[in-house]
1. Note down the nm distance, to one decimal, between modelled labels 7 Å out along Cα→Cβ at SER159 and at GLU98.
2. With N denoting the number of residues in region 1-144, provide Rg(C-alpha) divided by 2.2 N^0.38 Å, to two decimal places.
3. If you take the beta carbon distance between MET14 and GLU224 as r and set R0 to 22 Å, what does 1/(1 + (r/R0)^6) give as a FRET efficiency, to the nearest 0.05?
4. Which semi-axes, in whole Å and largest first, does the equivalent ellipsoid of region 1-83 have when worked out from the alpha carbon gyration tensor as the square roots of 5 times its eigenvalues?
5. Have a look at PHE57, THR13, ASN192 and report the one farthest towards the positive end of the charge dipole of the chain, computed about the Cα centre with Cβ charges (Lys/Arg +1, Asp/Glu -1).
6. Direction-averaged shadow area of the convex hull around the Cα atoms of region 81-128, nm²?
7. Assuming 0.36 nm per residue, please report the length gained on full extension of the stretch LEU58 to GLU22 beyond their Cα-Cα distance.
8. Rounded to two decimals, what ratio of Rg to Rh does region 123-191 give with C-alpha atoms and a Kirkwood Rh?
Amino acid sequence: MGRLSVNVDHVATMREARKGREPDPVTAVQIVELAGADGITVHLREDRRHIQDRDLFLMKDIVKTRINMEMAATQEMLEIALNVKPAMSTLVPEKRKELTTEGGLDVKSKSGLKEYIAMLHQGGIRVSLFIDPEPAQVRAARKAGADMVEIHTGIFSESSGEKEKVEFRKIYDAVRLASKLHLGVNAGHGLNYSNIKRIAQIEEIEEFSIGHSIVSRSIYVGLERAVKEMIELIRVYRGRY
Ligand code: PXP
């Protein structure tokens, strides 16, 4: 059964548009869990453009499922993670000017990652690396001591026709390789109610991290229904490939 971890950053983005109190991502978390999601994903960015420290610390107290904390591999984030103790930290590259995470972490060339991962492990936190679907990155993630990888599905999500097929194949091969190397496998970025039908077919993917499409749909149908509909799609299309 593929798990769904809902990224609530986009709720905080709307709040930050007015720098007010609504909508509160902490309230969203409770609805997401009631709807049956398996986890909550939050990205505490260095520039705090959406999720704030206060959100994360409140979630630490109320989340009943699991927190996946997306973060840049910095000293500041390490200290916060060791304090919050999420079930999992997903290390992502971060650029100040990007609208959203643009690509996977270049694990191959990033120095000090092994030591950074070891410090999170000492705090009892599982570590996932957000990577592009490339064999060399999967192997580097294994070497760095990660528990899991999150395969970046963003390029696939933006493709169509022949390119979409090529990108799907890259994801499939990366997932298979990661699984063969005994890494857990998650997937995310740009997944929506349409392309999830294809990605959910890859049985080795344990968890899907999805935010924008769910929060967007929630404006029309409500958050609970938006989450339930995604859970149902994952269930129906699971393992068909
Ligand atoms: N996974 C990672 C590493 C991300 O950075 C994001 C975006 O915050 C997501 C998953 C969720 O992507 P989306 O909001 O496009 O569903």
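Any read-out appearing in this document is the output of simple, stated calculations on the displayed coordinates, not a laboratory observation. Being a predicted model, the structure only gives us computed values, none of them experimental. Here the Cβ positions follow ideal geometry from the backbone for every residue, glycine too, while neighbour counts run over all protein chains shown.
1. 1.8 nm
2. 1.04
3. Once the sixth-power term is evaluated, E becomes 0.80.
4. Equivalent ellipsoid semi-axes, largest first: 19, 17, 11 Å.
5. Toward the positive end, the furthest listed residue is ASN192.
6. 4.0 nm²
7. Between LEU58 and GLU22, full extension yields 11.4 nm more.
8. Checking Rg against Rh, the ratio lands at 1.01.
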